[in-house]
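**Q** I'd like to ask some things about the structure below.
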Amino acid sequence: DPKDNRIEQWLNVVPQDGIADLSFQLSDEPLLGTYVISITSAKAYSTFSVEEYVLPKFEVYFEAPNQIYVLDKSFPLRICGRYTYGKDVQGMLHVSLCQKIAPFLPSASKPNLCQEFHNQTDETGCFFTNVSLSSFSRDFRYYQDSIVAEAMLVEDGTEIHTNASHKLLISKIVGMVLFGDVNSYYHAGEVYRGKIKVINYQGKALKHKTVLLIVTCGEHQFKQKYITGDSGTTSFSLNTTAWNSTSVSLEASVLHQGSDREAGTADLNYQQASYFVHPFYSTSRSFLSIVRVPETMPCDREQAVQVDFSIYQEDLEHGPKRVIFSYFVTGKRGIVHAGQKTIWVGLPRMLKGFFSIPLTFTSIYGPSPRLVVYVIFPNGKIIADSAVFSINMCFRNKVELGFSTPEALPDSQIGLRLRAAPGSTCAVWALDQSVFLRKPGKELSSSLIYGLFPSVSSSRYPPQVSEDD
């Protein structure tokens, strides 16, 4: 208990299907504070708290951006009240939005810039308006780069009120530079290719922007200007011969133009992009590369993962030329899938091509499976590449839970339907929704379950492996 007294214990607990289901009764007047449940043999523990409070009847929440930009003329603001059982709250909303003076200025030097609204909620329990930014300052020498919104909703008929607040950052970054289709490694002597994209703060592509690419290799620098096309993208190709098998940094930034400055504001900025490229060490000139997939992969649907390769004749035996590409995928259980792909190559000195590996990501792969592809040549040389994929949080047991009706009267009977695989051990947790208003983030979720399992995705050797220099 909160005073470190042992108030309950269980000995020789035998789990059933991996779960131990235990319970104990708190006293009628328990100590307030944090209680600890510990498993001494496994060095694991959990906590819960006993508190005395009155559950709130309703919540007030904002529907507003977390960040606005100096070029915006206005921004949408919606504030709503909702009872814990889902109904909309009718009442009077008192809202204030204030931009305070810079913290290093004396409080009397300039006034805080504020707007206020006093309105009745509509039939949906909300109040909506477009807030004009004309009464706020863009000069961050004198004012903070944020607006704080505070709201108080007073319930009609009871005068019960609830408060909420929201902070909106004002950004001077009107756009950003992004690298695309770039690899973390380069092969000495091979051309290194990539793309640069420029977008504005709304995510829209910006064409005809001049981008400066700086390539730093040791004490040497290479600079080149590019201009984005209609899609906001430009491509680059770099000769790696002079990189001397050392790590290289790439920096891309937008060169300012006259349209990038706004009267009465500090200079507007574009967020630059940085990327580090490392030499790929191999005794072979051949190499392979897994094409990265940027988006999150769906569950239980076959995906084709492309592998590009370049094979040199010197790595192959005389006679029929074939290359066996081996691959495996690691998930939360270790290696969960493995296979091989045989490619017959032609007679040129070097063969370039690609093939696809069909993968179906299921629950045993998540949350971040790693694909490793490698080739062992007859001369003993090895080439390899690996890539980590992001997949949806998959579960093998598809559980469904729902009430027989979405709405019911107090003290009435209601049905609960739970559907799962035959023989499943099921647990149902029911509590007042208002508990989550006091401690948000405690809900049972897919991410909470996935967080219980340690990730096996690692690019380092395990500590048991030693390798002599």
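The values are calculated or read from the model by the stated rules, or taken from the named source; none is laboratory data. Note that the structure is a prediction, hence the values are computed from the model and not measured. Here the Cβ is made from the backbone with ideal geometry for all residues, glycine too, and neighbour counts use every protein chain on show.
**Q** Regarding Asn5, is this residue assigned to a loop (DSSP other than H, G, I, E, B) and closer than 28 Å to Cys426 by Cα?
**A** The answer is no for Asn5.
**Q** So, of the residues in the stretch 226-252 that are of a type in the set (Val, Ile, Thr) and closer than 12 Å to Gly189 by Cβ, which turns out to be surrounded by the most Cβ atoms within 10 Å (Cβ to Cβ)?
**A** Once the filter is applied, the top-ranked residue is Thr240.
**Q** Return the residues of the stretch 184-203 that are in a loop (DSSP other than H, G, I, E, B) and more than 21 Å from the chain's Cα centre (by Cα); say none if nothing qualifies.
**A** Correct list: His187, Ala188, Gly189, Glu190.
**Q** Scan the stretch 389-445 residue by residue and report those that are within 30 Å of Ile290 (Cβ to Cβ) and touching a strand residue (DSSP E or B) at 6+ places or on another chain (Cβ under 6 Å).
**A** Phe389, Ile391 - these are the residues of the stretch 389-445 that are within 30 Å of Ile290 (Cβ to Cβ) and touching a strand residue (DSSP E or B) at 6+ places or on another chain (Cβ under 6 Å).
**Q** Quick one: which of Glu123, Glu150 is in a loop (DSSP other than H, G, I, E, B) and either over 21 Å from Ser171 (Cβ atoms) or of a type in the set (S, T, N, Q) (or both)?
**A** The conditions single out Glu123.
**Q** Considering only residues that are of a type in the set (D, E, K, R) and under 22 Å from the mean Cα position of the chain (by Cα), look in the stretch 139-183 and name the one that is modelled with the highest pLDDT.
**A** Among those that are of a type in the set (D, E, K, R) and under 22 Å from the mean Cα position of the chain (by Cα), it is Lys167.
**Q** For residues that are at pLDDT below 80 and over 24 Å from Tyr365 (Cα atoms), scanning just the stretch 286-327, find the one that is surrounded by the most Cβ atoms within 10 Å (Cβ to Cβ).
**A** Among them, the one singled out is Lys321.
**Q** Consider only pairs whose beta carbons are under 7 Å apart and that are at least six residues apart or on different chains; among these, list those whose first residue lies in the stretch 439-456 and is modelled with pLDDT under 80 and whose second residue is surrounded by fewer than 11 Cβ atoms within 10 Å (Cβ to Cβ) and of a type outside the set (Gly, Ala, Ser).
**A** Leu444/Trp429
**Q** For the stretch 48-69, enumerate the residues that are of a type outside the set (Gly, Ala, Ser), in contact with a Phe, Trp or Tyr (Cβ under 9 Å, 6 or more places away or on another chain) and surrounded by 10 or more Cβ atoms within 10 Å (Cβ to Cβ).
**A** Within the stretch 48-69, Val50, Lys57, Phe58, Glu59, Glu63, Pro65, Gln67, Ile68, Tyr69 qualify.
**Q** OK, next. Strands (runs of 3 or more DSSP E) wholly in the stretch 320-391 with at least 1 residues that are acidic (Asp, Glu) - which ones?
**A** Correct list: 382-388.
**Q** A further question follows. Out of the residues in the stretch 245-268 meeting the condition of being of a type in the set (Asp, Glu) and either in a loop (DSSP other than H, G, I, E, B) or at pLDDT 90 or above (or both), tell me which one is farthest from the chain's Cα centre (by Cα).
**A** Of everything passing the filter in the stretch 245-268, Glu262 is farthest from the chain's Cα centre (by Cα).
To keep it simple, each residue is scored yes or no on (1) within 30 Å of Phe309 (Cβ to Cβ); (2) modelled with pLDDT under 90.
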residue: Gly366; (1), (2): yes, yes
residue: Pro378; (1), (2): yes, yes
residue: Pro410; (1), (2): no, yes
residue: Gly415; (1), (2): no, no
residue: Pro422; (1), (2): no, no
residue: Ser434; (1), (2): no, yes
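For (1) assigned to a strand (DSSP E or B); (2) within 32 Å of the chain's Cα centre (by Cα), each residue gets a yes or a no:
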site	(1), (2)
Tyr45	yes, yes
Phe62	yes, yes
Tyr85	no, yes
Leu97	yes, yes
Phe104	no, no
Glu116	yes, no
Asn119	yes, no
Val131	yes, yes
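**Q** Can you tell me how many residues within the stretch 216-244 are in contact (Cβ under 8 Å) with a residue 40 or more places away in the chain, assigned to a strand (DSSP E or B) and of a type in the set (Val, Ile, Thr)?
**A** Residues flagged as in contact (Cβ under 8 Å) with a residue 40 or more places away in the chain, assigned to a strand (DSSP E or B) and of a type in the set (Val, Ile, Thr) within the stretch 216-244 amount to 1.
**Q** Next up: Looking only at the stretch 392-408, which residues are of a type in the set (Val, Ile, Thr) and either assigned to a strand (DSSP E or B) or surrounded by 10 or more Cβ atoms within 10 Å (Cβ to Cβ) (or both)?
**A** The answer is Val399, and nothing else.
**Q** Mind checking which residues of the stretch 1-36 are at pLDDT below 90, on the phi > 0 side of the Ramachandran plot and surrounded by 10 or more Cβ atoms within 10 Å (Cβ to Cβ)?
**A** none
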